[in-house]
Structures are given as structure tokens and as C-alpha cells.
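Okay, structure first, notes after.
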């Protein structure tokens, strides 16, 4: 009996030393596993939260989340939405990724699914909404909330209509959400009446219960699967940071061209390019050809400035290549083609505008920064700006030095073998010991010849 009780005693001591949170997690895992074993059916839901303005960071978050959901073999994906909209190009990429995903995606409107958020919701296989939430109001506006021209509205209407058709919903309802005169926005009950909402739920757990009633399920959160690299990529893809990186690129190139030889602006441009392209490339948002096109543009600009005189084909081609590469890096290439394969350049309008604005700001900002930097003493450590005054012994190329041949001069600075000498009347000239050697300051030398603004001396 003693031999039996001793292991049990040791086990109880070991368990007592385990922190409560880890113990509860272990118990929960055991219960879930046992439940799944008993029922032989455990439905996996994968939750992706989208509670910010729609941008490239959101695009990466959703596309990466769908990939992680596929790796986890999730049966359903819950897209937890609370957004007032954002960039149409990024929303179009998210929409396309959802439509291409081979498993059901559920939109859970946690509060707001406006504008680009409505487009993303309609792309999902089913929509559930929280009490007090709304969906719609997909009119395209600019940064100042002004309604954009009709060509932008037409593009948005087309996407809303085609997305609704792809998911089996009434396309006229989706199109009404972009109506500039009487824009449509629906409450949960109104959305249910027209088939744009499958149910009203207060939590994502209620959503899962409605989707698989009476079955065992588990909800996995994307935040738990995100690595440090994923979080860093999402951070660097923020539109504000991307604009700063773009200004670093353009401003650095501009300053380096205007003040060649400093090196710091060029380093700034290179760092900006790495921070701009690397997150998108690692997140599968930037293609290799866009990076290559950017560096080809830089090479063409350098050829025009330093090799080929004037400003012509190479310079203009280089500028176009740089601008196009920066703009294309902000757009998913799939968006540039319609379903029938024809080219669609409308998603490039906003990125091109952002590149032009950022470039202009970078040029003016660089001019202001260089002027401010020039006024500081720190500029002396990176560039030469001191005036070489004649009274301090600095002279240019001087003619008529033959008259000094045969005269004696005093060493003004040590000659090794070159340096400066001073005449009897106090003038200072560049000088060199004709046959080499060394002369200390204060020694007397004889001028034996002159040429090219320099005196050639010998020791007496």
C-alpha cells in the first residue's frame, strides 16, 4: 500500500507547484480533446479581427490570416468587422482573396461595416450582425469626406454589384449602398429582410452556435498565431509609415543629386527603399519585378546625371520607372485585371496620386531641411563649406611667379615635400622641394623655378 500511495503523493506535490493559468489551460485542452474524441466531430473556426481603417496593413492581415486558417485546417473563417472603410484598392484585394478562398468565410459585423467594410462583408459567404450595428454607406469619398467624381462611384458600384452576384445576393441592394443621392445603410433587422444578414448575434461564439447548432466547436484567434515578423510587417505597412518611407526615398535621391559626395542622403534613400519594399515583399504583396523596376529607374537617373549630358530619354524614363514601381507596390497585381482578362487601371489612380503628393512633399521638405542643416555646426562634419581666405594663406592658381625665381623665401608650413612658403613682403604661395625631402617651418629656401601656380625651392 505504501508503494502505491508514494507516487500519488509525489504527483499531487508536482501539480500543486504548477501555476493556476497553466493548469486551467491543460485541463481545458484535455476536455476539448476528450469531447472531440467522444463526438468525433470538432468544428474549427478561425477568427480574424479587422477593426481599423482598410489599408495595406489590413490587406496583409486578412490574406495572411486566410493562409494560417488553411494551415490550421479550419472549417470556417470568422471575419470580425468593425470599420468605417478605407482604401478601395486594399478592400478590393481583400474581397478577391475572400472570393478565392475555398472554405466558407463568415462576416461578423461587430459594429460597423461601412464603405469598404460593406464590400468586404458582401464578399463573405454569410453575414451575421451585432445588435446596434450597421452595414452599407459605400459611397467613395476622399480624405476630407468629399464625394469623389462619378467615375470612382461607377467603379465602386461595379465591384459591389459583381460581388453580390458572386455570393448569391441581390445586386441592386449592393448597388444602392453607393448611391450618392440616397445612400443605403441597413440595421441588422433591415439586412435580414433583404437577405444581407443570416442572423443577429452578440458574440462570435453565438455565430458559431448558429452555424453548427448542436455540434462541438473551437474558435482559434489569429492574434495567437502571429509571429513577431507578422506584427512587424503589419506595422510597417501602415499608410503613414509608407508615406514617410516614400519621402525618404525621393528626398534622399533629390538631396544626393543636388549635393553629391555627402553620402548621408543616399543612405537615407536606401534605408527608405528597404523599409518600403521589404514588408510588402515578405507579405507577398510586392512582386519582384516592381523592385527590379525601381532600381532600373535609379540606374537610368544616374546615367542621365553623371554619364549622359543633358536631360533626356534616360532621365525621364528613370523617373517614370521609379514612380510606377512605387505605385504598383501598393496594389495587388490581380486587381489590375477584370474577370475577362482585360486591363483595369482604376486601382492605380489613388496610389499614383499618393506617390506624386509624397514626392512633392519630399522635394520641398528636402530643400527646407538642407537649408536648416547648413545653418548648424553639425554640417561641418559632413560637408566642406569653409571659405579659404587669402589672409589665411590660401591662394588659387597664380600667374607671373617667374619674378620670384632667385629670391629667398621662408617656410610657412612644413614642406613634406609640399607646403607653403612666405616671401619677404608677406605673401604666401604653394611650394614644393624640387628634389624632395623635408623642410621645417622657419627655414630659408631658394626659389629655383616656378610653374602652374607653385614655387619650386631648394635648401641653401
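The values are calculated or read from the model by the stated rules, or taken from the named source; none is laboratory data. Keep in mind that what you see is a predicted model, and the values were worked out from it rather than measured. Cβ sites come from the backbone with ideal geometry, for glycine too, and all protein chains shown count toward neighbours.
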- Selected residue (only one of 62, 77 is in a strand (DSSP E or B), under 28 Å from the mean Cα position of the chain (by Cα) and closer than 21 Å to residue 167 by Cα): 77
- Message: Among the residues of region 126-135, are any within 31 Å of the chain's Cα centre (by Cα), outside any helix (DSSP H, G or I) and within 30 Å of residue 223 (Cβ to Cβ)?
- Response: yes
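If we keep just the residues of region 143-183 that are within 27 Å of residue 100 (Cα to Cα) and assigned to a loop (DSSP other than H, G, I, E, B), which is modelled with the lowest pLDDT? First the steps, then the outcome.
Of the residues in region 143-183, the ones within 27 Å of residue 100 (Cα to Cα) are 151-178.
Within this subset, residues satisfying the condition of being assigned to a loop (DSSP other than H, G, I, E, B) are 167-170, 177-178.
On the way: 167: 94, 168: 93, 169: 95, 170: 93, 177: 91, 178: 87.
In this case the residue turns out to be 178.
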- Message: Being part of a loop (DSSP other than H, G, I, E, B), out of contact with any helix residue (DSSP H, G or I) (no Cβ under 8 Å at 6 or more places or on another chain) and at pLDDT below 90 is the requirement here; does residue 399 meet it?
- Response: yes
- Yes or no: residue 140 within 20 Å of residue 175 (Cβ to Cβ) and at pLDDT below 95? yes
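Using the structure shown, decide if residue 83 is within 30 Å of residue 353 (Cα to Cα), more than 19 Å from the chain's Cα centre (by Cα), at pLDDT below 95 and assigned by TED's automatic domain parsing to the domain that holds residue 128. Walk me through it before giving the result.
Numbers: within 30 Å of residue 353 (Cα to Cα): yes; more than 19 Å from the chain's Cα centre (by Cα): yes; at pLDDT below 95: yes; assigned by TED's automatic domain parsing to the domain that holds residue 128: yes.
Yes; evaluated as a whole, the condition is true for this residue.
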- In region 171-196, what residues are within 11 Å of residue 135 (Cα to Cα) and either surrounded by 17 or more Cβ atoms within 10 Å (Cβ to Cβ) or outside the structural domain of residue 161 (by TED's automatic domain parsing) (or both)? 174, 177, 184, 185, 186, 187, 188, 191, 196
